[in-house]
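Taking it in order: structure first as structure tokens, then the write-up.
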Amino acid sequence: MRESTFTIRVDDHLKEAFTEAARVSDRTGAQLIRDFMREYVQTAREKAEYEEWFKAKVEAGLKAIQEGRILSNDEVHERSRLRRERLLAAYGVRS
């Protein structure tokens, strides 16, 4: 893999503190910065994927509402009660 140079400016105090913290961790500043960059890219990717998933779920929910595919609170509770009874009966548990 081809490598590139990434140049940043920081004040002297931050550079010294970072270099010392890296040394204590038996790492170089460059190693830590690469790790931080990888973590940031991964986090950003996961966030974007979640946002895309969430948006799709919201759109599907809005479409369901427009199409009338919704249940009232009472209907949801009744379906849950019936399902619970079926599951308990299947396992021989008395309610």
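Filter the trypsin sites (Lys or Arg not before Pro) in the chain to those in DSSP coil with at most 14 other Cβ atoms within 10 Å of their Cβ, and list the result.
Counting only loop positions with at most 14 other Cβ atoms within 10 Å, the trypsin sites (Lys or Arg not before Pro) in the chain are 2, 9, 27, 69, 94.
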Margin query: Can you compute the helix-only [θ] at 222 nm over the chain? Use -39500 (n - 2.57) per DSSP H run of at least 4 residues, normalise by all residues, nearest 500 deg cm²/dmol.
Written below: -25500 deg cm²/dmol
Margin query: Pairwise over distinct Cα atoms, reciprocal of the mean inverse distance: report the Kirkwood radius of the chain in Å, one decimal place.
Written below: 19.6
Checklist line | With at most 10 other Cβ atoms within 10 Å, longest stretch of the chain clear of loop GluC sites (Glu not before Pro) (DSSP) | finding: 4-66
Check: Expressed as a whole percentage, what fraction of the accessible surface of the chain belongs to carbon and sulfur atoms when a 1.4 Å probe is rolled over the protein heavy atoms?
Finding: 55
Notebook entry, point to check: Counting Lys +1, Arg +1, Asp -1, Glu -1, what net charge surrounds residue 51 among other residues with beta carbon under 15 Å of its beta carbon?
Noted result: 0
Check: Hey, what's the chain come to in accessible area per residue, 1.4 Å probe, Å²?
Finding: 100
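Counting other Cβ atoms within 10 Å, which chymotrypsin sites (Phe, Trp or Tyr not before Pro) in region 1-88 have at most 10 and lie in a DSSP loop?
Hits after loop and neighbour filter: 6.
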Next item on the list: Would you count, across region 2-95, every pair of lysines whose alpha carbons are under 27 angstrom apart, provided the pair is eight or more residues apart or spans two chains?
Entry: 4
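The values are calculated or read from the model by the stated rules, or taken from the named source; none is laboratory data. Bear in mind the structure is a predicted one, so any value in this text is a computation, not a measurement. Using ideal geometry, Cβ is built from the backbone for each residue, glycine included, and neighbour counts are taken over all protein chains shown. Heavy atoms of the whole protein, side chains included, go into the accessibility calculation; ligands, DNA and RNA do not. Shrake-Rupley method; radii C 1.70, N 1.55, O 1.52, S 1.80 Å.
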